[in-house]
Amino acid sequence: MLNHKISRRNLLKAAGFFTITPWQAQKDLDLSSYPKHSVRFLQSVTSNDSTLITVLAHRNSEIRISVRLLVSEIAEFRVEKIDMGLGDYLLYQVLVTEMKPTEQYRLEIFDKTHGKYHSRNFKSLDLSNPSPKIAFMTCSSHRGAGPQKLMFEKLRKEKPDLILFPGDLVYGNSSLDTVLGRPAKPSEAYAIYCKTFLDLDFYSEDNLVPVFSSWDDHDLAFNNCEHNHPNLSIMAQLFRSFYPADGRVSGIETGPGISYSFAAFGARFTFLDVRTYLDKERKVFLGAEQFHWATKKVKDTQGPHFIVSALQFWNYGKLAENYQSLAPAEFDRFLSLVKSSPFPTVFLSGDVHYSQVQKLSEADLSYQSYEISSSAIFSLSARGYGLRTKEKGQLHYYGYPNFLIFENVSLNDKKVEAKVRCVSEAKDSEFNFPLLVSKKFKN
């Protein structure tokens, strides 16, 4: 049974205060034990005719990259080598264009230095799919990665069409950094990004799945960071080198900071940047430029809208950072504009180390909608700390390693319908919520 309270010691432990030694912080930076022929992969933003794939390889390796259809036809692709001068591993971004929908492609790499061959299979994204299967997850800490093998095996078995991953993909700061309230050095953060790719099974899968990402504080290697992060610019370059999302892929519309938006399956997905402009003293969350961009997306969207934030939107009184408490006036203006849209909106968030389905007040939007939080696929667990009653609107809750699956999805101009299923270490369905959001629907 879940506990409704967490002790002060367990709360401090959850924040990392009982797992800190300088030795552990240094251990994160040691990559010398990995074979130099190790190569890792991530498929990032993808459309029906183009995709971006990140390849991580040791700088001592001389590699040759090629892309083809499985029927041996050579595909159109370009390779950009990225060397930030921060470590022993380099990145290659592979842009594949003029793709044929539903056809399977193969990315092939030959490491001439070590005589090793690597290959991965991938596809474009069928944007017209009437019922896509969407995985939604956040928070994958290499320091809390005990369940990672099992959780990624479960993710693989689900066979999602795409993955939404808004925040804390990488825990780039050490526990000691968190306690001392300081950012990691860019070289330290880069090493942990590489370690994350090298350690986690997710980056070794044979069949790639498109990942649509945005960042949170640990991706910036600075706990609870704001706009005055001293390494903000280089961390943005670092994050988008590993997890690219830009207009090289058709249909990706970039906004301020690392925000972006895209249309798929008859809906719009807008990923917010919750760190670049955050100013807690001035009560600013999105900032003027991003606020204008995001609200324009709301106004211009002709169908259902999924607004995705690494941080929660509403304040549930559990110490978590959230839009409503950090910038109440800005939040009210944003909500007012969402309310004025003739199309339904669903809010997706992460960060809090539990997953939930939260019923929103109809007064907020004039119709019944929900904030759905997904966290953590593996990291420290909230256990019962975020648990609230149904009278407070929390319809479902799970506080241990998990991710969410949206399936049986049906989207049209006036309605969002899906099953939201919570997958844990033990079960394929900790909860299964019949999501229905409609401008005409009253629950």
Checking the structure you have, find out if any residue of segment 326-345 is buried (at least 20 other Cβ atoms within 10 Å of the Cβ), under 17 Å from the mean Cα position of the chain (by Cα) and closer than 30 Å to residue 155 by Cβ. no
Could you please give the count of residues in segment 74-112 that are farther than 16 Å from residue 248 by Cβ and part of a loop (DSSP other than H, G, I, E, B)? 12
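Could you identify the single residue in 119, 131 that is of a type in the set (Ser, Thr, Tyr), over 19 Å from residue 212 (Cα atoms) and surrounded by fewer than 18 Cβ atoms within 10 Å (Cβ to Cβ)? Show your work before the answer.
On the way: 131 fails: over 19 Å from residue 212 (Cα atoms).
Within the list 119, 131, the selection yields 119.
Taking the conditions exactly as written (surrounded by fewer than 23 Cβ atoms within 10 Å (Cβ to Cβ), in contact with a strand residue (DSSP E or B) (Cβ under 7 Å, 6 or more places away or on another chain) and touching a residue at least 12 places away in the same chain (Cβ under 8 Å)), does residue 212 satisfy them or not?
On the way: surrounded by fewer than 23 Cβ atoms within 10 Å (Cβ to Cβ): no; in contact with a strand residue (DSSP E or B) (Cβ under 7 Å, 6 or more places away or on another chain): yes; touching a residue at least 12 places away in the same chain (Cβ under 8 Å): yes.
It is false that residue 212 is surrounded by fewer than 23 Cβ atoms within 10 Å (Cβ to Cβ), in contact with a strand residue (DSSP E or B) (Cβ under 7 Å, 6 or more places away or on another chain) and touching a residue at least 12 places away in the same chain (Cβ under 8 Å).
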Inspect all residues belonging to segment 255-265 and state whether any of them is surrounded by 23 or more Cβ atoms within 10 Å (Cβ to Cβ), without any contact (Cβ under 8 Å) to a residue 60 or more places away in the chain, in a helix (DSSP H, G or I) and in contact with an Asp or Glu (Cβ under 9 Å, 6 or more places away or on another chain). no
Which of (1) without any contact (Cβ under 8 Å) to a residue 60 or more places away in the chain; (2) assigned to a loop (DSSP other than H, G, I, E, B); (3) within 21 Å of residue 198 (Cα to Cα); (4) more than 26 Å from the chain's Cα centre (by Cα) is the odd one out, the single condition residue 71 does not satisfy? (3)
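Every read-out reported here was derived from the displayed coordinates using simple, explicitly stated rules and does not represent laboratory data. All values derive from a computational prediction rather than experimental measurement. Don't worry about glycine lacking a Cβ; one is built from the backbone with ideal geometry, like all the others, and counts go over all protein chains shown.
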